[in-house]
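The values are calculated or read from the model by the stated rules, or taken from the named source; none is laboratory data. Keep in mind that this is a model prediction, so the values were computed, not measured. Note: ideal-geometry Cβ built from the backbone for every residue, glycine included; neighbour counts use all protein chains shown. Just the protein is used for accessible areas: all its heavy atoms, side chains included, with ligands, DNA and RNA removed. Shrake-Rupley method; radii C 1.70, N 1.55, O 1.52, S 1.80 Å.
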Amino acid sequence: METLRQLLVSREISELSRVTHLLDEPEQLAAAVGDVLPTAVARATHAQLGEALAPAVERAVQRSIQKSPRTLTDILYPVFLPAIRKSIGEKIDQTFQSLNETLRHIFTWHGLKWRFEAWRTGASFSEVVLKHSLIYRVEHAFLINRNSGLLIAHVAADNATSEDPQLISSMLSAIQDFVKDSFNEREQSGLDTIRFGDLRLWSEVGPFATLVSVIRGNPPEELHEIVRDVLLRIHEECSQALVEFDGDSSQLAGVEAQLRTCVEQKQEESNEGFPWLVAAVALLFLILAGGWFFLSWQSGQRWQAYVSRWQAYVSRLEAQPGIIVAEQQARDGQFYIAGLRDPLAADPQSLLSGTQVDPARVHSQWQFYQSLQPEFVLKRLKASLAPPDSVRLSIDNERIVAEGEAPDTWIDRARAAARQLSAGGPEFDISKVRDVSPEVLEAKRWQAYVSRLEAQPGIIVAQQKIRDGRFYIAGLRDPLADDPQSLLSGTQVDPARVHSQWQFYQSLEPEFVLKRLTASLYPPDTVRLSIVNNRIIAEGEAPDTWIDRARAAARQLSAGGPEFDISKVRDVSPEARAAEHWQYYVSRLEAQPGIVVAQQSTRGGHFYISGLRDPLAADPQALLSGTEVDPARVHSQWQFYQSLDPKFVVKRLTASLTPPKSVRLSIIQGRIVVVGEAPAAWIDRAQAAAEQLSADGVVLDVSQLRELDLAELNHLRESIQTTDIFFSSGKVVPGPEQTPVLDRLADQIKEFAQNARKSGVTARFMLTGHSDTTGRETANASISAARAETVRALLNKRGVAPELLLVRGAGTFEPAVPENSQAGSSTNRRVSVTVNLD
Amino acid sequence: MLQKKICMLGGFSVGKTSLVRRFVKSIFSETYLTTVGVKIDKKSVALPDKTVDLILWDLAGEDDIGSFRVSHVRGATGLVLVVDGTRAATLTAALTLRERVEAEFGAMPFVLLFNKSDLADRWVIPDREIDELRQRGWQVYLTSALSGEHVDDAFLKLASMVTK
Ligand SMILES: Nc1nc2c(ncn2[C@@H]2O[C@H](COP(=O)(O)OP(=O)(O)O)[C@@H](O)[C@H]2O)c(=O)[nH]1
Ligand SMILES: [Mg+2]
């Protein structure tokens, strides 16, 4: 029969045993699953696999974070840093590129280098980052003649292209004119910056040439400086050629080298790419590892569930102490179990939880019994004997052993229990329990308390004894030492049975002396007391009254106590402090021009000062503020005097003489010099003042004063304002007969302007154009303005500075004569002049 | 590199822009004229002894003499005065403009172009008047931006005048 079986199914049997073996050995099973896992993962439906893996991967990541957040941070660092950087970069304007760069460079080698640089130069870290991370390149530099807009020179960076530089040059200057005209900008200020996307045009305007740089990126502010410097150097080196420039740039070939220094300016982007490959590999590894963990865990789980969830539960019950399974059976999808259980054993019902066996299908029948297993006996003994804290029960080789100390009553009860158990139960050994009656215990506790007192500084125990269950103690204690009564707490000695007799004494131990000194002397905050080598040392500052008290205390202590050293306390009594402040105030006064301190003294806490002061000098009272000197204690006596310090003399002269605008008083090497033009009467007064002052030894030099004649100026103004330039009908350029009038007008304007400037005023001349009433009103308005413009140009041609000439068109609104005749119209077609002074 | 700034002057619609377009292939769009008020072109002209780059400034909007921006002419070495031969008033306009420029910047070389010579039937300028202007020693040309007649001659002449 056995042979037959061997023949028929031997192959199957061996195969079956191999598989069973495989399933039984977790090591082998894991190896087998590991072999097919990659293929299985690859074959699985992506959506399902993702869903299945998600919780496990989540849990794995969670655990990893809990275990060590650093690991995951390190893995993800290259992922989230660029993400943060990107979102910041998008939100903030390019100008804030610095922040982006800072983030990028905080952890890099550059970052360290820049931190070092910041530390070395004293600049802030962000400044250094900004300096290095503004990425830009100067692509072109154009040097443009200011007058004509013609290109003088052009230099381009490598690979930089542009349209014809000559045209660009002219167009740029046309655009500058356009902006200037459109917004009424002043002559001097050029168009600084044009920005278009990534490109910027910076123009730096010099007297004869404009330097336009075309920059791609974000240039730093210093680049302005560099460009300005280049322009300055060009003006210095080639000023003559620049002035004479007429379109022939061969004269100015040298400036190209200068422009090249502009174009060489750049800050390139350092290309530290982000390690995508490393990040991708790391992420993939993370996912695969998580997946493997999950699959192996899940397959184990299933195997157990399918093979014998119930069997596992039963064997768990069987392994439980105090539970005996008598029979068990699985039938028709239901589970039946019966047996014995000790009341102290685990509840079979509660053991079901976590086994994945459905409690609804379990039918149990349990009978209570008392287990004689040592651990149950131990539990029962603990409950019935209630051993004191000083006794420990344990199991040793199936025996129950009691150790420790207990009162004799408890030992008797334990002995009875041991006798009962000897019939069949485990042995109960109480030989190791020492008999401790309360008296013995209390005596021990008392001794512990006494030795604690003896160790206490400031307490001396003289006598102690125990009699009739009472404790007696006597000795000395310092009032500052710890209270012996309060030290009782925690010793388990009954305070009601303690009788103490303490005599106070003063301990001379340094720490007690220090405490007493602190309590009696009240040292100010500025004084610090400390113990060094058993000496008490005071350091700091204190008023003299305190120092006196401290000295008295030191003398007292010298009889037997520790040394009290107060030599390191400086005297800062309020008086000394006040005297210091007073001296500071006096020296401040003495340094003041126009104040002479004659005498000063301190007496009885009051301050006395007397001297001379110029009325124009600073007020001594006002100078008190901020010196911390109490004004109520200051008694001053000041006599006014006139300081001959030139500064004061000038002040007085300015007040008394009220010099006209055209006159300037200045101090040159101790002498007062008056320069300018003034009316004759004023010059006389100034001379009189000079004579007076010379008696006091002060020099007032009026020799450079010139007389001012205003009468002539008024005459000239009258003559200018009555001059008109006339025009033929419809013409905006005056006829040749007006030439002598224009010549004379130009001369008069020039003369007036010059004289006015000498007397410190600026004259401006308003040219108002007029037209007759023939023709349309709009045409008349523009003709009138054009006439004024033409006259301005003609006067300019005759040497009148254009900035002195203002132009307006009045159209027909301000006729010179009523317009009802031919003569009337020809009188009204004119440009009139008015003079304004400011 | 020798360059000269030249300004096109003349009344509204006389053909300044068309003349420049005929003379040089432009790189800037003509919208510059209406936006910035000026359009700039460049033409290299080869003369017997040298080459000069003419930087041509074409100005917009001289329909109203009052609005003319004299400042654009600053630094120019020559003018192209353009007259529309079919409108007599444009001659006065051109001469007035020249006067204003001269008053501001002094005398400078110019050529005077009577344009649209192809429109013979609507021509209103008498030959006598043209002769009279030539008598003053002025360089006068009858041009057509449409056919290109005498356009190059006029610019060439001005080029040699400004490089004298
Ligand atoms: N028939 C003809 N038409 C011309 C000529 N020159 C310009 N035009 C036309 O005149 C008009 C104005 O020309 P444009 O160049 O814009 O004049 P601008 O205002 O002086 O610049 C346009 O319609 C041109 O086509 C020419 O020589 N002959
Ligand atoms: Mg045009």
Considering every residue in A:144-154, what mean count of other chain Cβ atoms within 10 Å of its Cβ is obtained? 4
Ranked by how many other beta carbons lie within 10 Å on average, peptides B:104-113, A:789-798 from highest: A:789-798, B:104-113
Given a 1.4 angstrom probe, I'd like the percentage of the accessible area of region A:385-443 that is carbon and sulfur, rounded to a whole number. 48 percent
Pairs of Cα atoms under 8 Å, at least six residues apart: use those to get the relative contact order of chain A, whole percent. 5 percent
If I take every Cα pair under 8 Å that is 6 or more residues apart in region A:646-707, average their sequence separation and divide by the length, what percent do I get for the relative contact order? 34 percent
From the square roots a ≥ b ≥ c of the eigenvalues of the alpha-carbon gyration tensor of region A:317-401, which class results: rounded (a/c under 1.5), prolate (a/b over b/c), or oblate? prolate
Counting only protein heavy atoms, what percent of the accessible surface of region A:574-640 is carbon or sulfur at a 1.4 Å probe? 50 percent
Partner shielding of A:162-173, taken as the mean number of other chain Cβ atoms within 10 Å, equals 5
Which Cα, out of A:ASN533, A:LEU521, A:PRO543, lies furthest along the positive dipole direction of region A:511-552 (beta carbon charges, K/R +1, D/E -1)? A:ASN533
Net charge over other residues, Cβ less than 13 angstrom from the Cβ of A:GLN258 (K, R count +1; D, E count -1): -3
Per-residue HN-Hα couplings for region A:771-780 [Karplus 6.51, -1.76, 1.60; θ = phi - 60°; Hz; x = Gly/Pro]: 10, 7, 8, 5, x, 6, 5, 5, 4, 4
Computed magnitude of the charge dipole of region A:574-640 (debye, nearest 20; Cβ of K, R +1, Cβ of D, E -1): 100 debye
Go through region A:444-456 residue by residue and turn each phi into a ³J(HN,Hα) via Karplus (6.51, -1.76, 1.60, θ = phi - 60°); whole Hz please, and just put x for glycine and proline. 4, 4, 4, 4, 4, 5, 5, 5, 5, 5, 5, 6, 6
Positive-end residue of A:SER826, A:TRP202, A:LEU393, charge dipole of chain A with Cβ unit charges: A:LEU393
Under a cut-off of 21 Å between alpha-carbon atoms, report the lysines in cross-link reach of A:LYS379, not counting same-chain residues fewer than 8 places apart. A:LYS432
So what's the net charge close to A:PRO359: Lys and Arg +1, Asp and Glu -1, counting the other residues with Cβ under 14 Å from its Cβ? 0
Tabulate in residue order the Karplus-calculated ³J(HN,Hα) for region B:13-18, using 6.51 cos²θ - 1.76 cosθ + 1.60 with θ = phi - 60°, rounded to whole Hz; enter x for Gly and Pro. 6, 7, x, 4, 4, 5
Two-decimal log10 I(q)/I(0) for the protein assembly as shown, as the Debye equation yields it once each C-alpha is a single scatterer, q = 0.06, 0.09 Å⁻¹: -0.91, -1.24
Quick one: of B:LYS16/B:LYS157; B:LYS39/B:LYS164; A:LYS797/B:LYS5, which pairs are farther than 19 Å apart, Cα to Cα? B:LYS39/B:LYS164; A:LYS797/B:LYS5
What accessible area per residue comes out for chain A, rounded to a whole number of Å², with a 1.4 Å probe? 59 Å²
Mind grabbing the interface size between A and B? I mean buried accessible area, both sides, 1.4 Å probe, in Å² to the nearest hundred. 2900 Å²
Of all DSSP beta bridges having both residues in the protein assembly as shown, the percent classed as antiparallel (nearest 5) is 60 percent
Report the label-to-label distance for A:THR261 and A:GLU163 in nanometres (one decimal), using points 7 Å from each Cα along the Cα→Cβ vector. 3.2 nm
Which order, highest average first, do A:446-452, B:117-123, B:45-51 follow once you tally other Cβ atoms within 10 Å for each residue and take the mean per peptide? A:446-452, B:117-123, B:45-51
Approximate spin-label separation A:VAL532-A:GLN447, in nm, with each point projected 7 Å along Cα-to-Cβ: 4.5 nm
Where the only charges are on Cβ atoms (+1 Lys, Arg; -1 Asp, Glu), what is the dipole of chain B about its Cα centre, to the nearest 20 debye? 500 debye
For chain A, what is the mean residue ellipticity at 222 nm derived from helices alone (per DSSP H run of n ≥ 4: -39500 (n - 2.57); sum divided by total residues; nearest 500 deg cm²/dmol)? -15500 deg cm²/dmol
In square nanometres, what is one fourth of the surface area of the convex hull spanned by the alpha carbons of chain B? 9.5 nm²
Could you grab the relative contact order for region A:473-599? Cα pairs under 8 Å, six or more apart, rounded to a whole percent. 19 percent
About the Cα centre, and with charges only on the beta carbon of Lys, Arg (+1) and Asp, Glu (-1), how big is the dipole of chain A? Nearest 20 debye, please. 1980 debye
Tell me which of A:VAL57, A:GLN28, A:THR39 sits at the most positive position along the dipole axis of region A:23-67, charges placed on C-beta atoms (Lys, Arg +1; Asp, Glu -1). A:VAL57
